[in-house]
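> Got a structure for you, written out below as structure tokens; questions coming shortly.
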Amino acid sequence: MQLTVALKQMAIAVINDLYGVLLPETSITITETKPDFEGDYTIVLFGLLKQLRQSPDGLGMAMGQALQAAHPDMVVGFTVVKGFLNLTISDAYWLNTLQHTHNTQYGWQPANGKKLMVEYSSPNTNKPLHLGHLRNNFLGWSVAELYKATGYEVVKTCIVNDRGVHICKSMLAWQKFGQGATPQSTNKKGDHLVGDYYVMFEQALKAETAPLLEKLRAGEAVAGLDAVAAEKLPLLQAKIHDAALAPEKRDEAQAALTEMARNATPLMAEVRQMLLKWEQGDAETIALWQTMNGWVYAGFDATYQRIGSNFDLVYYESETYLLGKQRVEEGLALGVFYKKADGSVWIDLSTDGFDEKLVLRKDGTSVYMTQDIGLAERKYADFAMDESIYVVGDEQNYHLSVLKLICQKLNMPFAGGIKHLSYGMVELPTGRMKSREGTVVDADDLCNEMEGVAAAKTLELGKVNDFEPHELAALYATLGMGALKFYLLRVDPKKRMIFNPEESIDFHGFTGPFVQYTYARIQSVLRKMDDRGANATAAHSSSLLPAEKAVLVLLEQFEGQIALAAAEMNPSILAGYVFLLAKTFNGLYAEHSIVGAESIEKQVLRLKICRLVATVLKNGMGLLGIGVPARM
RNA sequence: GGCUGCGUAGUUCAAUGGAUAGAAUAGGAGUUUCCUAAACUCUAGAUCUAGGUUCGAUUCCUAGCGCGGCUACCA
């Protein structure tokens, strides 16, 4: 059992003995003792004083004595400072952690019988993966593994957005400008090739939009506007020239006008026509769609393999987008939804703090929400999970809240188990990434760059000159991806983060390579000891120096840190822990020799510490999706 | 406008309402005849503003200022 959990239970027991009051576990606050005070863990007494009608000193002394008397093998001393009861834990207790030295699964919990689904990645098939996807992929993968480690049965899923207007844009541009180009003929990854045509489409669209926009700005009429747009037009035209209006409002109107002009272009008309043909099952359109998506999937597979993403189930929007309709029909009968005069179907969530939300268009086609309702149902039919985590950016907080609420109102059995791992945008120092401005950081490019830096740094240091080419390639991948993953996972997922291309590619300090380096040095020590035929059966020292104890205290926390990171869906907790462990171990390494320890007992002790630190670093980094090298 | 999130060292990030707000990096000063210096040691440096709640507030509440996101019959 984790020490802090045990201490809480012990505290509750002694309070019950002393005062006859049975407190809940949550009422006990335990923190690590500040370095300036004597002790290892501290019970904060302030919150208990009023209820127990005790003075800080009185309660502290009474609890300290009772704890020490009841658990003399664990609590070997205490001090009371103001309202803090500082407990000193016995060396024997810390040394006890070393019983796990040969357990390669240290940190893992047995199965708990619960099932969890984690959906992550969710790419569109019209362009390659970018930096934002990487944060999503790393988070999703890591959270899934964290839950596995705490005993859940976990299934990783991916929803591929493989249909819709955006896909047709790439297809249309390829038809118009592609001249039969293929990944083979251009020697290009399929996802990048298709992405190029998406960009080409946007460029061509921009060219077509410009003259239309000029006309609209000048107050002239243009062909191709639908009725709704035509109605809004005069107001917008007035707004953009209204000097009395706030600049933001003028910009807003300007953007709406631009959107209107884009939709009035012949190109967009062609795209809509293509989408229609796709939905009607037009053979030629479907064939093109299958071909181009095939290229994209081959490209995605390469990237996924490289970044370590994998999925147990893959859903395709093209296969699920009709599924939600049936539930909407049933919900309509139940009165959860209602139909407007034009035939569109809505749900009124105003009493739940939301707005009215459309769930079916007036022409009967499904929208984003419709298919997500259908997908949720299908997921449950496939896996019957207790909980379902959606790894989706925070710009969709509203959507996910509404999805859960609708599922609850439909009495779907899985509704309560829906959780949203809402993560913040990755931004550049110049602001948000914008595909229109070409500032999107491509995932493949970034991976290449990271491995390039790893290679340059490795060659510069020259420590692995005897490696074979394939060993070097593997090492560069381990280090480059380690640096990248650690960088994106070390920040609280909920917060948006800045990616600085210059500064982020760092291999020093709070980074993946720092931890990997610590691991490699331990392996080096272990190899050296093996060479010398170290005495494995000798007893280890039973007293602890401060540097040794500091490492053991951290090793004991591993399970608790995994549990916390999983419960919070927050891998950064584990990243911080692993870094702290590596740093603390480096202190021990610098201060005390292991191979050349002052005695056999000390050597055996430090060797055991080395082994367990190596296991925890390997397992901990593994939960972040990061490998550790035997040498670097 | 409505809803919602965030403001912490020069920079990037920490801190279940708890003790003197921690790291990393950049800056300054050091450490290698000794297990990998991608390391270690020392140094300097921060809570947006104004109120409130209480033994105690970076954390909770109110207002203001600043920066995001959402507010589509797009996904």
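Laboratory data are not the source of any read-out in this text; all were calculated from the coordinates shown. Predicted model, so just to flag it, every value in this text is computed and none were measured. Cβ sites come from the backbone with ideal geometry, for glycine too, and all protein chains shown count toward neighbours.
> For A:Lys169, go through the aspartates and glutamates and keep the ones whose alpha-carbon is under 12 Å away, minus same-chain ones fewer than eight residues off.
Within reach: A:Asp196, A:Glu202, A:Glu270.
> Using a cut-off of 25 Å between alpha-carbon atoms, which lysines can reach A:Lys463, once sequence neighbours fewer than 8 places away in the same chain are excluded?
A:Lys485, A:Lys528, A:Lys583, A:Lys618
> Sort A:Lys463, A:Lys82 so the one with the fewest other Cβ atoms within 10 Å of its own Cβ comes first.
Numbers: A:Lys463 13, A:Lys82 9.
Least to most surrounded, the residues fall as A:Lys82, A:Lys463.
> Please list the non-local residues whose amide H lies under 5 Å from the amide H of A:Tyr316, H modeled 1.01 Å from N, same-chain partners needing a gap of 5 or more.
Amide H neighbours of A:Tyr316: A:Val160.
> Going by alpha carbons, how many degrees (0 to 90, nearest 10) lie between the helix axis of A:190-217 and the longest principal axis of chain A?
Between helix and principal axis, roughly 50 degrees.
> Rounded, prolate or oblate: which fits the stretch A:496-606 when a ≥ b ≥ c are the square roots of the eigenvalues of the alpha-carbon gyration tensor, with rounded for a/c under 1.5 and prolate only if a/b beats b/c? It would help to have the intermediate numbers written out before the result.
Details: a/c = 2.68, a/b = 1.73, b/c = 1.54.
Cα axes put the stretch A:496-606 in the prolate bin.
> May I pose another question? Give the angle, between 0 and 90 degrees and rounded to the nearest 10, that separates the Cα long axis of helix A:165-177 from the longest principal axis of the Cα atoms of chain A.
Taking the Cα atoms of chain A, the angle to A:165-177 is about 60 degrees.
> Arrange the following residues from fewest to most other Cβ atoms within 10 Å of their Cβ: A:Leu98, A:Leu623, A:Leu49.
Details: A:Leu98 17, A:Leu623 27, A:Leu49 14.
Neighbour counts put them in this order, fewest first: A:Leu49, A:Leu98, A:Leu623.
> While we're on this one: Quick check: Cα centre of the stretch A:562-596 to Cα centre of the stretch A:269-327, how many Å?
Using only Cα atoms, the two centres lie 43 Å from each other.
> Enumerate the aspartates and glutamates that A:Lys379 could reach by cross-link, defined here as Cα to Cα under 16 Å, with residues fewer than 8 away along the same chain left out.
Cα-Cα hits under 16 Å: A:Glu119, A:Glu153, A:Asp312, A:Glu317, A:Glu319, A:Glu387.
> While we're looking at this one, here's another question. Normalising by the residue count of the stretch A:1-154, find the relative contact order in percent from Cα pairs under 8 Å and 6+ residues apart.
16 percent.
> Remind me, relative contact order of the stretch A:523-591 in percent, using alpha carbon pairs under 8 angstrom and six or more residues apart? Could you put the intermediate results ahead of the total?
Numbers: 22 pairs, mean separation 25.1, N = 69.
Computed over the stretch A:523-591, the figure is 36 percent.
> Let me ask something else about it. Beyond 36 Å, how much of the Cα-Cα pair distribution for chain A remains, as a whole percent?
53 percent
> Under 17 Å between alpha carbons: how many lysine pairs meet that in the stretch A:274-377, if sequence neighbours fewer than 8 apart on the same chain are excluded? Write down the numbers at each step before the final one.
On the way: A:Lys325/A:Lys339; A:Lys325/A:Lys340; A:Lys325/A:Lys357; A:Lys325/A:Lys362; A:Lys339/A:Lys357; A:Lys339/A:Lys362; A:Lys340/A:Lys357; A:Lys340/A:Lys362.
Final tally of qualifying lysine pairs is 8.
> Also: Hey, got the dipole for the stretch A:84-236? About the Cα centre, +1 on K and R Cβ, -1 on D and E Cβ, debye to the nearest 20?
Working: 15 positive and 13 negative charges, 36 e Å.
The dipole magnitude comes to about 180 debye.
> Where does helix A:56-70 land angle-wise versus the long Cα axis of chain A, in degrees 0 to 90, nearest 10?
70 degrees
> Provide, for the stretch A:172-246, the number of lysine pairs with alpha carbons under 25 Å apart, each pair being eight or more places apart or on different chains.
Details: A:Lys176/A:Lys188; A:Lys176/A:Lys189; A:Lys176/A:Lys206; A:Lys206/A:Lys215; A:Lys206/A:Lys232; A:Lys206/A:Lys239; A:Lys215/A:Lys232; A:Lys215/A:Lys239.
Close lysine pairs under the 25 Å cut-off: 8.
> Which far-off residues, 5 or more places away or on another chain, put their amide H under 5 Å from the one on A:Tyr423, with H placed in the peptide plane?
For A:Tyr423, the qualifying residues are A:Val392, A:Gly393, A:Asp394.
> Going by how many other beta carbons lie within 10 Å of each one, how would you line up A:Trp141, A:Trp94, fewest first?
On the way: A:Trp141 27, A:Trp94 20.
Arranged by neighbour count, lowest to highest, A:Trp141, A:Trp94 become A:Trp94, A:Trp141.
> Give, in nm to one decimal, the length gained when the segment between A:Ser350 and A:Gln254 is fully stretched (0.36 nm per residue of separation minus the Cα-Cα distance).
Values: separation 96, 0.36 × 96 = 34.56 nm, distance 3.04 nm.
Between A:Ser350 and A:Gln254, full extension yields an extra 31.5 nm.
> Further question on the same structure: If you take every DSSP beta bridge whose two residues both sit in chain A, what share of them, in percent to the nearest 5, is antiparallel? Intermediate values should be presented prior to the final figure.
Working: 24 of 46 bridges.
About 50 percent, rounded to the nearest 5.
> Under a plain spin-label model, where a point goes 7 Å from the Cα along Cα-to-Cβ, how far apart in nm are A:Ile498 and A:Lys239?
The answer from the label model is 3.3 nm.
> Right, another one. Under 30 Å between C-alpha atoms is the cut-off here; go through the stretch A:1-139 and count lysine pairs that meet it, provided they're at least eight residues apart or on different chains. Write out the running numbers ahead of the final one.
On the way: A:Lys8/A:Lys34; A:Lys8/A:Lys50; A:Lys8/A:Lys82; A:Lys8/A:Lys114; A:Lys8/A:Lys115; A:Lys34/A:Lys50; A:Lys34/A:Lys82; A:Lys50/A:Lys82.
Close lysine pairs under the 30 Å cut-off: 8.
> Oh, and also: Could you go through the stretch A:424-438 in sequence order and give the Karplus-derived ³J(HN,Hα) for each residue, using 6.51 cos²θ - 1.76 cosθ + 1.60 with θ = phi - 60°, rounded to whole Hz, and x for Gly and Pro?
So the Karplus estimates, Gly and Pro as x, are x, 4, 9, 10, 8, x, 8, x, 5, 5, 10, 5, 5, 9, x Hz.
> Kindly write out, for the stretch A:607-614 in residue order, the coupling ³J(HN,Hα) from the Karplus curve 6.51 cos²θ - 1.76 cosθ + 1.60 (θ = phi - 60°), rounded to whole Hz, with x marking Gly and Pro.
Each residue of the stretch A:607-614 in turn: 5, 5, 4, 4, 4, 6, 4, 4 Hz.
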